[in-house]
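In what follows, a single structure is set out as structure tokens and then discussed.
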Amino acid sequence: MNVVNADLRKFKKAKVWRKEDAPEIFPTDGSWEWFKRTHRPELIKSGALVVRTGRSGDLVHTDRIGPVVQQILVTESLKRIEPALAAA
């Protein structure tokens, strides 16, 4: 995905995004941190996550993060049920 020329106003602090837009998916900061650690390459390559150091905190692109998270969750869900489907 081409991440250059993004509208910088679309970036939001990741913790704010989690609390405002994804509390059902990530009910705690810890759940978001685990997901982010586990799927960091996909999130960064898609342009959905900008990792920053220090207290400033990471940023998410509000138009990109939702679809990427959904795709990851669907892929992970399919991995969990595929063995059960094959056994049926």
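The values are calculated or read from the model by the stated rules, or taken from the named source; none is laboratory data. Given the structure is predicted, the values throughout are model-derived calculations rather than measurements. Cβ atoms come from the backbone with ideal geometry, glycine included; neighbour counts cover every protein chain shown. We work out accessible area using only protein heavy atoms, side chains counted, and drop any ligands, DNA or RNA first. Shrake-Rupley method; radii C 1.70, N 1.55, O 1.52, S 1.80 Å.
Looking at (1) part of a loop (DSSP other than H, G, I, E, B); (2) open to solvent by less than 30 Å² (accessible area, probe 1.4 Å), which is the only condition Pro27 fails?
Result: Pro27 passes all but (2).
In the stretch 31-46, which residues are open to solvent by less than 50 Å² (accessible area, probe 1.4 Å) and part of a helix (DSSP H, G or I)?
Those that are open to solvent by less than 50 Å² (accessible area, probe 1.4 Å) and part of a helix (DSSP H, G or I): Ser31, Trp32, Phe35, Lys36, Leu43.
When the residues of the stretch 47-57 are narrowed to those that are open to solvent by less than 70 Å² (accessible area, probe 1.4 Å) and on the phi < 0 side of the Ramachandran plot, which ends up modelled with the lowest pLDDT?
Per the criteria, the residue is Ser56.
Residue pairs, Cβ under 6 Å, 6 or more apart or interchain, first in the stretch 58-71 and in a loop (DSSP other than H, G, I, E, B), second open to solvent by less than 40 Å² (accessible area, probe 1.4 Å) and not aliphatic (A, V, I, L, M). List them.
From residues that are in a loop (DSSP other than H, G, I, E, B), the pairs are Arg64/Ser46; Arg64/Gly47.
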